[in-house]
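Note sheet for the following structure.
The values are calculated or read from the model by the stated rules, or taken from the named source; none is laboratory data. Note that this is a predicted model, so its numbers are computed, not measured. As a convention, Cβ positions derive from the backbone with ideal geometry for all residues, glycine included, and neighbour counts pool all protein chains shown.
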Amino acid sequence: MTEDTKQPESLKILFADDEKSLQKLMGLELPRLGHTVTVCPDGVTAIAAIEKEDFDCLLVDLDMPGKGGIDVIKKAKETRPDTEAIILTGKSSTESAIAAVEFKVFAYLTKPCRLMELKTLLEGVAKKREQDRRIKALTSRLDRIEGKSKLIGDSGAMEIVNKMIAKVAPSNSAVLIRGETGTGKELVAKAIHDQSLRHAQPFVAVNCGALPENLIESELFGHRKGAFTGAEETRIGLFEVAHGGSLFLDEIGELPKALQAKLLRVLETGEIRRVGENSSIKVDVRIISATHRHIEDMVQDGDFREDLMFRINTFEIQLPPLRERTEDIPLLAEHISRRFWPTIPMTHTVFATETIHALKSHSWPGNVRELANVVEHATILCEELPIQPQHLPRRFSEQSPSGGDRPELRAVSGPMSLRELEMQAIHEALDRHDGNKPQAAEELGISLKTLYNKLNQATAGEKTA
């Protein structure tokens, strides 16, 4: 059975309404839709039922004698925060709408409502619960595999980073992590989350530069069914997924200017609005951002909002490049190697002394990410420990005696033009990454599209020369 045709999940529903006709109707129709239902004639009875058992979804009237629907929802959320709620009411008001938003009510319907409309909403509740379970399962699995985030390194530079993480983690302050590509900014963000009071809640990471511009808003804020071509069902965004936890916005400097304004509004109000919807949803999310770009220069060039820069930069952590903490390389390399050889006894020597010397002599333009690739390459070639220099990628055997790792790609006589220097840097990056253009572009700090444009311009120039 395909995902589109499989039966929706059966929900355990509490229905509370003082209208006897609706009590009878829902007592018959909800089971026909495949759900179990407990029918309550008022809010007091509903709260008593909640104290005895848990429910997946509440379907409650807003105005009832004694205790209203908001009171019922509040009680349910206290004991089980993931309980979904749908409000039914014969009259709406600004106060009730605000209360509904505060408690993250799934839907707010005005009577009379059609059964088919309610059926669709309950299917949406079931899908959301299934998605939440998958996210929790994935998070739990990652925690079991990787454990809590641990920054490897005993250098003075990393000691400073660890102290700053320990200071800022318990707060709710926005954090901006700066550092070159591949230095481990996401690992720092995860360490901040793991040491915070939000550690039991979701940690959600998104690369702002990896998403198509026309999908970023939907990815972050969600969308309503039919909001745009291809929006075949309502979808919650990453802000809602991260509710109660932390949202890591990697490469925030790549965020389009229009989205910067919407992100600023979220940070100022704590509310998001799904694409295609008019009502806002309250979210409690800690923002951790990262970039390899110089945001201040982008502000001067008009590419980044100054007010947003101040919002995301309450606390700043500068992550050092690997070349500035070479004393950490042996420890990092061994830690990475044990991902591929988890059964190696801790007493075994993984890297030969000559290999460690070669690793420490490299300038590591790709930082820890490049080191991970190099170690993986070596573990594939090595059949018997320790890893020798010949197991490292070819570029290590081409290093100059002084320790430089940038072999000349062509003989140079006389000064080079800016274009020639630029192309040499591009070709060297491609050589270091064995022709992998996305990795080369990331190392150079340019988009993949820019890299292709420069290569195409160089090719065109050669043809016309």
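Descriptive notes on the structure:
- In the range 320-353, residue surrounded by the most Cβ atoms within 10 Å (Cβ to Cβ) [restricted to those that are out of contact with any Phe, Trp or Tyr (no Cβ under 7 Å at 6 or more places or on another chain) and of a type in the set (Gly, Ala, Ser)]: SER337
- Condition met for ASP284 (within 23 Å of the chain's Cα centre (by Cα) and among the acidic types (Asp, Glu)): yes
- Residue count for the range 189-233 under the criterion of being in contact with a Gly (Cβ under 6 Å, 6 or more places away or on another chain) and in a loop (DSSP other than H, G, I, E, B): the result is 5.
- Listed by first and then second residue, the pairs with beta-carbon distance under 6 Å, at least 6 apart or on different chains, first residue in the range 168-182 and over 17 Å from ASN207 (Cβ atoms), second small (Gly, Ala, Ser) and assigned to a loop (DSSP other than H, G, I, E, B), are ALA169/SER196.
- When we screen LEU332, LEU308 for residues that are within 20 Å of ILE216 (Cβ to Cβ) and in a helix (DSSP H, G or I), the only hit is LEU308.
- Total residues in the range 166-175 satisfying the condition of being surrounded by fewer than 22 Cβ atoms within 10 Å (Cβ to Cβ) and either at pLDDT below 90 or within 30 Å of VAL275 (Cβ to Cβ) (or both): the figure is 3.
- Selection within the range 207-236 - surrounded by 20 or more Cβ atoms within 10 Å (Cβ to Cβ), in contact with an Asp or Glu (Cβ under 9 Å, 6 or more places away or on another chain) and under 23 Å from ILE192 (Cα atoms): CYS208
- The selection criterion, being outside any helix (DSSP H, G or I), assigned by TED's automatic domain parsing to the domain that holds LEU385 and free of Cβ contacts under 8 Å to residues at least 12 places away in the same chain, holds for PRO342.
- Taken together, LEU371, LEU385 contain a single residue that is assigned to a loop (DSSP other than H, G, I, E, B), in the same structural domain as ARG339 (by TED's automatic domain parsing) and modelled with pLDDT of 75 or more, which is LEU385.
- Of all the criteria given as (1) farther than 19 Å from ALA107 by Cβ; (2) hydrophobic (A, V, I, L, M, F, W, C); (3) modelled with pLDDT under 90, the one not satisfied by ILE47 is (3).
- Taken as a whole, the structure places ARG274 among residues that are more than 23 Å from THR183 (Cβ to Cβ) and in contact with a helix residue (DSSP H, G or I) (Cβ under 8 Å, 6 or more places away or on another chain).
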